[in-house]
1. Can you say whether residue 44 is closer than 17 Å to residue 70 by Cβ, in contact with a helix residue (DSSP H, G or I) (Cβ under 7 Å, 6 or more places away or on another chain) and in a helix (DSSP H, G or I), as far as the supplied structure shows?
2. Out of 144, 139, 158, report the one residue that is in contact with a Gly (Cβ under 6 Å, 6 or more places away or on another chain), of a type in the set (A, V, I, L, M) and either under 15 Å from residue 95 (Cβ atoms) or modelled with pLDDT of 95 or more (or both).
3. Looking at region 104-119, is at least one residue over 25 Å from the mean Cα position of the chain (by Cα) and in a strand (DSSP E or B)?
4. Considering every residue within region 229-240, establish whether at least one is in contact with a strand residue (DSSP E or B) (Cβ under 6 Å, 6 or more places away or on another chain), more than 30 Å from residue 4 (Cα to Cα) and part of a loop (DSSP other than H, G, I, E, B).
5. Considering region 227-248 alone, what residues qualify as being surrounded by 15 or more Cβ atoms within 10 Å (Cβ to Cβ) and either out of contact with any Ser or Thr (no Cβ under 9 Å at 6 or more places or on another chain) or at pLDDT below 90 (or both)?
6. Output yes when any residue across region 92-103 is assigned to a helix (DSSP H, G or I) and not basic (Lys, Arg), and no when none is.
7. Does residue 191 satisfy the criteria of being free of Cβ contacts under 8 Å to residues at least 60 places away in the same chain and assigned by TED's automatic domain parsing to the domain that holds residue 105?
8. Residues to consider are 77, 59, 19; find the one that is acidic (Asp, Glu) and surrounded by 14 or more Cβ atoms within 10 Å (Cβ to Cβ).
Amino acid sequence: MEVIRVNDTAIDEAAVLAEMQYHPAASAEEAGRKAAEALAVRELLLQRAEALGYDREDEGAIDQVIAAEVSLPAPDEESCRRYYEANRSQFRSPTLYEARHILIPAMPEDEEERETARLQAEKLIALLKADPELFGQLAKEYSACSSKDNGGHLGQFASDTTVPEFETFLDELQVGQLSPAPVPTRYGFHVLQLIQREPGRDLPYDSVQQRVSDYLCESVFRTAVRQYIAMLVAEAEISGVALAGAESPLVQ
């Protein structure tokens, strides 16, 4: 690994290897690159802290630099309302579901077990189409979920609290409808019935105003810090790592 230098300071390979644990990636090479970038940017900011008279050993040194040199204007009311109107889907109450199921378990990597589970679930669906009143009995006999002791009932739950493929089926079913085919998930195959669904609704601006403001403040912060780092990089002598587009440790 080429020695990384930020002005007159070298960052050794051991430091990069230690930093890699904080930068999960698809490959060790990518994790190493991210770790090297993070350490170089951190060193650049700490050097700036020293130049401004701050103690670089202080844990808050980088925060002091940002506070002193990065302008962070707060979003005004007009900006907040404009963002809210353009992104209404982000500000909705969750959809609420009530459902019951029978889980036939199967490991994701075991193709034979999954095929057996799928066929078993199809048989149960056929039985329930003939006699819907059997659901509780079949859940107790076949389901691998603790809900089997309650007739397979899952109670009420909100969107984004279960596996996506489960919700996809719940959104397609009519109230009271049994899934026409087994629902595959990482846990196995489900026989699923939607009991009730209450769609989410748009939340009024007044109830989410602070969320909108916080989001825009964070967005402004990230943009401003990136621009500030780009300025420091342009003024520094850096070798062994490319910092084009690199981010501050503050905005990982």
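The values are calculated or read from the model by the stated rules, or taken from the named source; none is laboratory data. These numbers were taken from a predicted model, which means no experiment stands behind them. Quick reminder, even Gly has a Cβ in these numbers, built from the backbone with ideal geometry, and neighbours come from all protein chains shown.
1. yes
2. Every option except 139 fails the conditions.
3. Scanning region 104-119 turns up at least one residue that is over 25 Å from the mean Cα position of the chain (by Cα) and in a strand (DSSP E or B).
4. Looking through region 229-240, none of the residues is in contact with a strand residue (DSSP E or B) (Cβ under 6 Å, 6 or more places away or on another chain), more than 30 Å from residue 4 (Cα to Cα) and part of a loop (DSSP other than H, G, I, E, B).
5. 232, 233, 236, 238, 240, 241, 243, 246, 247, 248
6. No: region 92-103 contains no residue that is assigned to a helix (DSSP H, G or I) and not basic (Lys, Arg).
7. It is false that residue 191 is free of Cβ contacts under 8 Å to residues at least 60 places away in the same chain and assigned by TED's automatic domain parsing to the domain that holds residue 105.
8. Only one candidate passes the filter, namely 19.
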